[in-house]
Amino acid sequence: MARWRRAGDSITLANGAFDLLHVGHVRYLSAAKALGGRLIVAVNSDDSVRALKGEGRPLMPAEERAEILAALAGVDAVVIFPEPDVRAIIHEIRPDVHAKGTDYTAETVPERDEVMASGGRVEIVGDPKDHSTTEMIRSRLGRTRS
């Protein structure tokens, strides 16, 4: 990151569980990348996904989720984090932009205070929250039981 900053690149941080990569994730990350500069994606650890989503999640281990995300053309770096939110990462890397999905508003982003304190801004990006791994799982399980 220091090299990127010396080169004049801005840093955008996006985060999530990315438990089952779907089109909503791709659109979110593409929109985050379109904000400019380098895109760092923070991925919830297995334990933090389980705490947020419940037993049976994640579907894939964090290392595999991170590897898939790192393979996307617009993603410059991936980090796995164990905390329930990305405040510690924001404090450490001080991103210029923290990109969150459309299930938030700029005022409801949990880490907004840390972003503002580090001199960054929050941007809401991506398509409407019409895609959800949780809903995809429910839908699929509902059809297989019928």
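A compact table of results
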{"quantity": "Distance histogram for segment 33-132 (every C-alpha pair counted, 10 angstrom bins, percent rounded to whole numbers)", "calculated": "15, 43, 39, 3"}
{"quantity": "Linear extension gain, D127 paired with A7, 0.36 nm per residue minus alpha-carbon span", "calculated": "40.1 nm"}
{"quantity": "Förster radius 30 Å - calculated FRET efficiency between E107 and E63, Cβ distance, rounded to 0.05", "calculated": "0.30"}
{"quantity": "Carbon plus sulfur fraction of accessible area for segment 1-133, probe 1.4 Å, in percent", "calculated": "52"}
{"quantity": "Accessible area expressed per residue, the chain, with surrounding protein chains retained (probe 1.4 Å, Å²)", "calculated": "54"}
{"quantity": "Length-normalised contact order of segment 33-111 in % [C-alpha pairs under 8 Å, at least 6 apart]", "calculated": "34"}
{"quantity": "Most mobile of G37, G16, G54 in a GNM of the chain (Cα contacts under 10 Å)", "calculated": "G54"}
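The values are calculated or read from the model by the stated rules, or taken from the named source; none is laboratory data. Everything numeric in this text was worked out from a predicted model, so none of it was measured. Every residue, glycine among them, receives a Cβ derived from its backbone with ideal geometry; neighbour counts consider all protein chains shown. All accessible areas refer to the heavy atoms of the entire protein, side chains included, with ligands and DNA or RNA removed. Shrake-Rupley method; radii C 1.70, N 1.55, O 1.52, S 1.80 Å.
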